[in-house]
1. What FRET efficiency would be calculated for the residue pair Met78, Asp51, taking the C-beta separation as r and a Förster radius of 41 Å, to the nearest 0.05?
2. Rounded, prolate or oblate, given the Cα gyration tensor of segment 125-205, with a/c below 1.5 counting as rounded?
3. Say each of Tyr142 and Arg159 gets a label point 7 Å from the Cα, pointing the same way as Cα to Cβ; how far apart are those two points in nm?
4. Mind listing the phi-derived Karplus ³J(HN,Hα) values for segment 155-169, rounded to whole Hz, using 6.51, -1.76 and 1.60 with θ = phi - 60°, and x for any glycine or proline?
5. Calculate, in nm to one decimal, what Gln191 and Phe125 gain on full extension: separation in residues at 0.36 nm each, minus their alpha carbon distance.
6. If packing is taken as the mean number of other Cβ atoms within 10 Å per residue, what is the order of 139-145, 113-119, highest first?
Amino acid sequence: MALPTAWFAGLRVLGVDDHAAAAELLATSAPGSARARGRAPGATPDCGDDDDPTPAETAGPFFTPNSPERTSLLEPGMHGTRVALAGHVVTRGCQPVAGALLDFWHADDDGQYDNEGYRLRGHQFTDARGRYRLETIVPGLYPGRTRHIHVKVQPRGGRVLTTQLYFPGEARNKQDFLFRPDLLMSLREAQGARDARFNFVLRDA
């Protein structure tokens with residue numbers, strides 16, 4: 001796609017970086033780009049227009065309401081492999097859901113839940129682009145369950161999605177009757193820690 005000389009001249013008069021503007025126009029006009037496909041420019045890039053909603057799962061018996069607002073569940077002296085979980089909350093149309101509530105809780109490295117306080121429990125809100133990020137540890141195992149993280153996701157004024165996230169490559173995944181492969185996080189090992197990703201697709205947002 002060639003851009004006319006007059007187009008660049010007009011940008012210079014306005015004080016616009018013509019090279020950056022040209023790159024953006026070419027990228028968004030290229031075949032396969034969001035704009036060329038008719039998707040709104042604000043759409044989250046790493047999801048599809050027809051993504052299925054994230055399936056719900058049971059909250060289990062260990063949910064505690066009124067958790068503290070925080071993006072890190074790490075505490076001094078806490079044992080376990082660190083993991084950073086990040087992703088987006090989006091609509092079925094791939095639009096970011098700003099201000100969505102995410103409430104996380106899970107077992108500690110020994111497979112125990114804190115049912116008297118708020119250890120390894122916390123909530124946060126997505127930013128204007130629907131993004132979230134949580135720093136925590138990999139949950140331990142306990143009888144009957146594979147490793148998992150509980151979460152409740154709720155758009156502003158919307159319905160709560162309660163579900164669980166699972167770790168790939170766990171031997172117990174096949175033995176856990178609640179396990180679902182469509183709730184697997186993507187996982188990457190990096191210098192003794194783990195980076196995980198999961199995008200929540202809300203049915204009613």
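No value in this document is a laboratory result; all are computed from the given coordinates. Here the structure is a predicted model, which is why all the values come from computation and not from measurement. Every residue, glycine among them, receives a Cβ derived from its backbone with ideal geometry; neighbour counts consider all protein chains shown.
1. 0.75
2. On the way: a/c = 2.30, a/b = 1.39, b/c = 1.65.
It comes out oblate by the Cα gyration axes.
3. 2.9
4. Going residue by residue, I get x, 4, x, x, 7, 7, 9, 10, 8, 9, 10, 10, 9, x, x Hz, with x marking Gly and Pro.
5. Difference between extended and current length: 20.9 nm.
6. In decreasing order of mean packing, 139-145, 113-119 become 139-145, 113-119.
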